């Protein structure tokens, strides 16, 4: 009797595995990912079926339709309620053309805007001091979005700052990712709502989806009164201030924008907010000119028709003539990005990549180690940051272009997460980023091809096994 039950259960699991494999073939975004899932689901469904429920599902409700109809729907509503212009304000600033990056704008239906003033904020203390100062000066509204919010010292400081805003009749909209902030207690959210802060979790389906771990909103955005915006790699938690060993000190970068580009930063937040609430958040047109920098806000995600994040990196790297310096916590590039990096080396471009020397996710770290070895063989200079964990997502191209945002060089950013970054063309700002990165590289050890060869054979095998998980890393 028991044997019969086991046989029926095994048969049912295999049948479910075959059905899930068919789903994977039809819906997985890459051939490599589809092959990996099919192999596991058909041969060992006992091991892979449950993980596929969490990681393999690729349908996320109406978000794709909403995203692809945003020009016809969202902007039509936005135009109907366009706030009146104020002195010194241009609601529709004329875009700036830069042939190096115009393909990115065409792909994402966005543009570069001149007249921006940029500020670089190195590490959490400087970044959050600037953000809290901006929130304190808010007069009309504050739009806040983080992937992770913790109920700790920094998280409670954010909560109190937003409550203080709401108390003086400033409209506050807070968006957090429901998986990234899974540990956020209900009491934190209830306190904000009781204080008239409109706080919502981001989810890619309107109904509860307990199995959906992919397609997370990894963006970090703050907009105050339409005048100034912040974007970068920092979340709201004490570890981002370097207060939690063993990853401390925490190395990260954020930036502040004042000027016309803030309108696009605000628009990206508004799209996410509109999906969650069905309502438009408050908005005001940005100042016409605050500085000389040209900025393009680049927002990518799995709802895009193209592999937009991967193509963004590919185009930006191909535009380089002198150098490409990148810092990323996870170096698990796809073939397009890896190929662009290698071709840059062959063009004589100085290609350097800074990665962590200690892991926060063991499997990703192991895959990164193998890719770092292969990169050195292609002439890409790889460096491991020694003082602590490097989490910043920064790219420096030649002498005038600096990119700061939330995008990692891994499959999650390329295909599974909603990301945002600011591409800035401004020689003085790029000079600040260059000085920052020179200091980072000075505190790093360069990876040598022999480092891999010195590893024990079983360790090398483990690195190759870790790389098999590329599609879900």
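The values are calculated or read from the model by the stated rules, or taken from the named source; none is laboratory data. The structure displayed is predicted, hence computed values, not measured ones. Note: ideal-geometry Cβ built from the backbone for every residue, glycine included; neighbour counts use all protein chains shown.
Report, by residue number, each residue of the stretch 417-426 that is surrounded by fewer than 24 Cβ atoms within 10 Å (Cβ to Cβ) and in contact with a helix residue (DSSP H, G or I) (Cβ under 9 Å, 6 or more places away or on another chain). I'd like the intermediate steps shown before the answer.
Taking the stretch 417-426 as the starting set, the residues that turn out to be surrounded by fewer than 24 Cβ atoms within 10 Å (Cβ to Cβ) are 425-426.
If the condition is that a residue be surrounded by fewer than 24 Cβ atoms within 10 Å (Cβ to Cβ) and in contact with a helix residue (DSSP H, G or I) (Cβ under 9 Å, 6 or more places away or on another chain), then no residue fits.
When you look at residue 365, is it closer than 25 Å to residue 102 by Cα and in the same structural domain as residue 333 (by TED's automatic domain parsing), yes or no? Lay out the reasoning, then the answer.
Details: closer than 25 Å to residue 102 by Cα: no; in the same structural domain as residue 333 (by TED's automatic domain parsing): yes.
So residue 365 does not fit the description; no.
Restricting attention to the stretch 150-193, the residues being outside any helix (DSSP H, G or I) and farther than 23 Å from residue 140 by Cα number 12.
If you scan the stretch 262-298, which residues turn out to be in a loop (DSSP other than H, G, I, E, B) and within 17 Å of residue 203 (Cβ to Cβ)? Of everything in the stretch 262-298, those that are in a loop (DSSP other than H, G, I, E, B) and within 17 Å of residue 203 (Cβ to Cβ) turn out to be 278, 279.
Specify the residue that is surrounded by the most Cβ atoms within 10 Å (Cβ to Cβ); the eligible residues are those in the stretch 202-238 that are in a strand (DSSP E or B) and modelled with pLDDT under 95. Walk me through how you get there before you give the answer.
The first filter runs over the stretch 202-238 and keeps only residues in a strand (DSSP E or B), leaving 202, 217, 221-224, 228-232, 236.
Applying the additional criterion that residues be modelled with pLDDT under 95 yields 202, 217.
Details: 202: 22, 217: 28.
Checked the stretch 202-238; the qualifying residue surrounded by the most Cβ atoms within 10 Å (Cβ to Cβ) is 217.
For the condition under 30 Å from residue 141 (Cβ atoms), crowded, with 24+ Cβ neighbours inside 10 Å and in contact (Cβ under 8 Å) with a residue 60 or more places away in the chain, residue 291 does not qualify. Taken residue by residue, the stretch 137-149 has no member that is at pLDDT 95 or above, in a helix (DSSP H, G or I) and surrounded by 15 or more Cβ atoms within 10 Å (Cβ to Cβ).
Can you report the number of residues in the stretch 320-338 which are in contact with a strand residue (DSSP E or B) (Cβ under 8 Å, 6 or more places away or on another chain) and surrounded by fewer than 19 Cβ atoms within 10 Å (Cβ to Cβ)? Full working, then the answer.
Taking the stretch 320-338 and keeping what is in contact with a strand residue (DSSP E or B) (Cβ under 8 Å, 6 or more places away or on another chain), we get 320, 322-333, 337.
This time we only want the ones that are surrounded by fewer than 19 Cβ atoms within 10 Å (Cβ to Cβ), so: 322-323.
Residues in the stretch 320-338 being in contact with a strand residue (DSSP E or B) (Cβ under 8 Å, 6 or more places away or on another chain) and surrounded by fewer than 19 Cβ atoms within 10 Å (Cβ to Cβ): 2 in total.
Can residue 282 be described as in contact with a helix residue (DSSP H, G or I) (Cβ under 7 Å, 6 or more places away or on another chain) and in contact (Cβ under 8 Å) with a residue 24 or more places away in the chain?
Values: in contact with a helix residue (DSSP H, G or I) (Cβ under 7 Å, 6 or more places away or on another chain): no; in contact (Cβ under 8 Å) with a residue 24 or more places away in the chain: yes.
Taking the combined requirement at face value, the residue does not satisfy it.
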